[in-house]
Amino acid sequence: MADTVTWSTLRQLAGFRAENGCATSLYLNLDPSEVPTAGDAQTRMSALLSTAEKVDRKDLTHEQRGALKADFERIARWFDDDFNRDGARGVVVFAAGLDNFWTTLALPEAVPDRFKVGHELFLAPLVRVVARADGTIVAVVGREQGQLYRLSAGRLQELGDYSDETPGRHDQGGWSQGRYQRHIEHLVQEHVKDVAEVLDRSRRRLHVPKIVLVCSEEMRSEFLDALSTEAREAVVGWAPAEAHAGPAQLLETITPVLEEAEAKDEADVLARWREDAGRGTRAASGWEQTLEAASDGRVEMLLFQDGVDHQAFRCPACGRAAATGGSCPLDGTSLEPTDAGLDLAVHQTLAHGGEVWAIRHQQDLAPVEGIGALLRF
């Protein structure tokens, strides 16, 4: 089963720095449409490790080169003996033997095959995996049905089943039928009210910002009326589904709703960025401004077009990032080039408590080289 990658996870990983040796970050794509069998996955892993081993490491000491080789061998053994692909569409391994660091994550989304060796972990590919929809509560509601699920790592996990054994409609004819039917409708209303109260308690307890309803259009109106104002405002959409749909079918049903909600979130935050950038206030645009702001701890939210990257420069002493080479303005150390400028921006943003969004549905950042930021000051 795929692991849940949270902002807390990313911040912990961003805080690691190899002091004695090197940190290896290895990403492997396991998308079934591209890597259908275990043999295919093994071939790709072997090829990736073989490429990593052939990179010239003359800048390392003999001990560091030996430790790096041991890390590669450990990754290969782990993949052969311990990795469980069930539900994973990608995997990343972080290893730094001389610093006693080892972490693996099975990912709910596909990632490109890639490896990096350096003093810090390569985290940029993980940003898009931190699904902003994670934690969303899905409420499946009917006249008798009442089930709550929570989205986690690309799967729906049941929170509880609150279905009611309300008798179904039947036709007796005459006055007794009407009275009986009013009794049934009263029971349905009580059931809907009970499920709404449970949903509201769950939302508050889990600090959930989003709710998706799965119900008929008729039931949607009735259920929304039963919700508290706060819970109603948390509902981002709804979808109909088959009465006995399981978690996998439900997830497939609500995926378009979640994508539409994510697109709206992106449009809202980009509108704020455009406004601030237009006024020349708390916004950065392009690589030069954004890397400088991230290094100064001013980035509240880093925004980048999914898939973008850029050459940049890094201070080996303090980690400061810059779009052009030269000397570090803080300590005078010569800046070192890297082809992973986005990772520098991600590290600096996370290190200073900011958030990072991979923009997948909008193209507003294209005119500014695919990157920008909302700033604290």
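The values are calculated or read from the model by the stated rules, or taken from the named source; none is laboratory data. Keep in mind that this is a model prediction, so the values were computed, not measured. Here the Cβ is made from the backbone with ideal geometry for all residues, glycine too, and neighbour counts use every protein chain on show.
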Report summary line: When (1) closer than 14 Å to Ala284 by Cβ; (2) modelled with pLDDT under 95 are applied to Gly370, the one that fails is (2)
Requested in this report: Of the conditions (1) more than 28 Å from Val5 (Cβ to Cβ); (2) touching a residue at least 24 places away in the same chain (Cβ under 8 Å); (3) within 26 Å of the chain's Cα centre (by Cα), Ala358 clears all except one; give me its number.
Outcome: (1)
Report summary line: Checked the stretch 332-367 for anything out of contact with any Phe, Trp or Tyr (no Cβ under 9 Å at 6 or more places or on another chain), hydrophobic (A, V, I, L, M, F, W, C) and either in a strand (DSSP E or B) or under 20 Å from Ala18 (Cβ atoms) (or both); matches are Ala351
Report task. Hey, can you tell me all the residues within the stretch 295-331 that are assigned to a loop (DSSP other than H, G, I, E, B) and of a type in the set (S, T, N, Q)? Result -> Gln311, Thr324
Report summary line: Of (1) within 21 Å of Ala248 (Cα to Cα); (2) exposed (fewer than 15 other Cβ atoms within 10 Å of the Cβ); (3) at pLDDT below 85; (4) not charged (D, E, K, R), Gly160 satisfies every one except (3)
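Could you say which residue among Gly286, Gly297, Gly307 is modelled with pLDDT under 95 and surrounded by fewer than 20 Cβ atoms within 10 Å (Cβ to Cβ)?
Exactly one of Gly286, Gly297, Gly307 is modelled with pLDDT under 95 and surrounded by fewer than 20 Cβ atoms within 10 Å (Cβ to Cβ), namely Gly307.
Which residue, of Ile211, Ile184, is buried (at least 18 other Cβ atoms within 10 Å of the Cβ) and either of a type outside the set (S, T, N, Q) or within 20 Å of Gly146 (Cα to Cα) (or both)?
Numbers: Ile184 fails: buried (at least 18 other Cβ atoms within 10 Å of the Cβ).
Only one candidate qualifies: Ile211.
Determine whether the stretch 143-159 contains at least one residue that is of a type in the set (Ser, Thr, Tyr) and in the same structural domain as Ala2 (by TED's automatic domain parsing).
From the stretch 143-159, those of a type in the set (Ser, Thr, Tyr) are 149, 152; that's our starting set.
Filter once more, so that each one left must be in the same structural domain as Ala2 (by TED's automatic domain parsing): none.
No, there is no match, as no residue in the stretch 143-159 is of a type in the set (Ser, Thr, Tyr) and in the same structural domain as Ala2 (by TED's automatic domain parsing).
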Query - Which listed residue, of Arg85, Arg77, is of a type outside the set (A, V, I, L, M), without any contact (Cβ under 8 Å) to a residue 12 or more places away in the chain and either outside any strand (DSSP E or B) or crowded, with 19+ Cβ neighbours inside 10 Å (or both) - result: Arg77
Query - The lone exception for Gly297 - which of (1) outside the structural domain of Gln348 (by TED's automatic domain parsing); (2) touching a residue at least 24 places away in the same chain (Cβ under 8 Å) it fails - result: (1)
Requested in this report: Specify which of the listed residues (Leu270, Leu250) is outside the structural domain of Ala153 (by TED's automatic domain parsing), among the aliphatic types (A, V, I, L, M) and either modelled with pLDDT of 95 or more or in a loop (DSSP other than H, G, I, E, B) (or both).
Outcome: Leu270
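Give me a count of the residues in the stretch 47-74 that are of a type in the set (Ser, Thr, Tyr) and either under 18 Å from Ala110 (Cα atoms) or in a loop (DSSP other than H, G, I, E, B) (or both). Let's see the steps before the verdict.
To start, the set of residues in the stretch 47-74 that are of a type in the set (Ser, Thr, Tyr) comprises 50-51, 61.
Then drop every residue that is not either under 18 Å from Ala110 (Cα atoms) or in a loop (DSSP other than H, G, I, E, B) (or both), which leaves 61.
Count: 1.
Conditions (1) among the aliphatic types (A, V, I, L, M); (2) touching a helix residue (DSSP H, G or I) at 6+ places or on another chain (Cβ under 7 Å); (3) surrounded by 15 or more Cβ atoms within 10 Å (Cβ to Cβ); (4) not assigned by TED's automatic domain parsing to the domain that holds Glu300, marked per residue:
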| position | (1), (2), (3), (4) |
| --- | --- |
| Pro316 | no, no, no, no |
| Asp331 | no, no, no, no |
| Leu344 | yes, yes, yes, no |
| Gln362 | no, yes, yes, no |
| Ala373 | yes, yes, yes, no |
Query raised in the report: In this structure, is Glu292 in contact with a strand residue (DSSP E or B) (Cβ under 8 Å, 6 or more places away or on another chain) and either of a type in the set (S, T, N, Q) or part of a helix (DSSP H, G or I) (or both)?
Result: yes
Report summary line: Checked the stretch 35-74 for anything under 27 Å from the mean Cα position of the chain (by Cα) and surrounded by fewer than 13 Cβ atoms within 10 Å (Cβ to Cβ); matches are Pro36, Thr37, Ala38
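Each row is one residue, and each column tells you yes or no for (1) small (Gly, Ala, Ser); (2) in contact with a helix residue (DSSP H, G or I) (Cβ under 8 Å, 6 or more places away or on another chain).
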position: Val55; (1), (2): no, no
position: Leu60; (1), (2): no, yes
position: Arg65; (1), (2): no, no
position: Phe72; (1), (2): no, yes
position: Ile75; (1), (2): no, yes
position: Trp78; (1), (2): no, no
position: Val92; (1), (2): no, yes
position: Pro112; (1), (2): no, yes
position: Ala139; (1), (2): yes, yes
